[in-house]
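Encoded as structure tokens, the structure appears first; notes follow it.
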Amino acid sequence: MKKTPRNSFALLFFSIILATAFIANNAQIIQLMNIKIAVLAICMAAAATDAAAQLNRVNRRIEYNNRDVEKGRYPLWQRISLGGGMHFLSNKADYSFRTVTNQVYSRPATLKSKPGYAASLDVYFPLRRFSQRSCFAISAGVNMIVANLTHDTVILGPQIYQKDLAAAFIGVPIGVEYKTGGDAVQSKAYGTMFTVGVGVMPTYVQSDGLKTEGPANDDQQMKMLSYAKVEAGFLAGIAIKIRAMAYLGNVVTVQSYETVKRETAPNDILGYRTASSRGPLGFNLSLILMPGSAGWKRY
């Protein structure tokens, strides 16, 4: 039979009525299906977002750890730090005086810096990035400490001894660091930064207290020390940080043996004076500036 427009309209109207009736009778089922579909859609969207984020992190990590990319994007001059501050040292020293009649006088004393001054130049080389704002790095540099060591007046029988000692320490610290914040990725997107690190520091020691009439001991002048440091800072045009650095291991700042003569009669020997000290190098508190951080981008 041939369909007419009226028949088609009647069929469409009848279909709408049946669909309406089905929806009315099964509203709960339809609602449950809609909820399941909505939950499924949300889960799929979340998974897609997470996958995109993971891919972005992987791509950035690969890019960061790619040396060819790093050479252009993270130049060396942006990782150089200049520092200056105060050095604090306190060691025990022993002084003794033996007369020509073999009478011995001895007394301990405390050597202190007044305080000393510290300067540093160092740079770090990122090894591995573990998140968008943190990394492990190797650091290397040069530290110089200048101190004037003093002690209370030491009375050794007929002798009164009080002498300040000039000392200098030059070290090459090499260590590993964990960094987080702006300097970890050379980015102005992060306004703060934090670093902890440990390492070793070959150190050359020069001190007036090492002058002796006997043979010099090379171990007094070259020492292998270790260190630990903590830094915290912020961005204010350039990166500005406060560094606390403690040195572990003993150094000798005083090791002397001298003949004491009468001032008015140089050939008249009164006795022999010895002095020795041993203790840690102490610690620094420094202000650190990173001039190259002015060139950091906002990644």
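Just so it is clear, none of the values below were taken in a lab; they were calculated from the coordinates. For clarity, every value in this text was computed on a predicted model and none was experimentally measured. With ideal geometry, Cβ positions are generated from the backbone for all residues, glycine too; neighbour counts draw on all protein chains shown.
Could you give the alpha-carbon Rg of region 69-154 over 2.2 N^0.38 Å, rounded to two decimals?
1.93
Count charges around Val230 for me, please; just the other residues with Cβ under 11 Å from its Cβ, Lys/Arg as +1, Asp/Glu as -1.
+1
Just grab the label-to-label distance for Gln159 and Ala294, each label 7 Å out from Cα along the Cβ direction, in nm (one decimal).
Once both label points are built, they end up 5.6 nm from each other.
Would you kindly state how much longer the chain becomes between Met86 and Ala232 on full extension, computed as 0.36 nm times their sequence separation minus their alpha carbon distance, in nm to one decimal?
50.9 nm
Shape verdict for region 94-210, please, from the Cα gyration tensor: rounded (a/c under 1.5), prolate (a/b greater than b/c) or oblate.
prolate
At R0 = 22 Å, how high is the FRET efficiency between Ile170 and Glu258 if r is their beta carbon distance? Nearest 0.05 is fine.
Calculated transfer efficiency: 0.25.
Can you tell me the equivalent ellipsoid semi-axes for region 144-293? Use √(5λ) from the Cα gyration tensor, largest first, whole Å.
45, 15, 11
I want to check the label-to-label distance for Ala265 and Asp94. Put each point 7 Å from Cα in the C-beta direction and report it in nm to one decimal.
Once both label points are built, they end up 3.3 nm from each other.
So how many Lys-Lys pairs in region 76-295 land under 20 Å Cα to Cα, not counting same-chain pairs under 8 apart?
Lysine pair count for region 76-295: 18.
How far apart, in nm, are the 7 Å Cα→Cβ label points at Leu287 and Lys188?
In this crude spin-label approximation the distance works out to 2.3 nm.
Cα gyration tensor of region 252-296, axes a ≥ b ≥ c as square roots of the eigenvalues: rounded (a/c below 1.5), prolate (a/b > b/c) or oblate?
prolate
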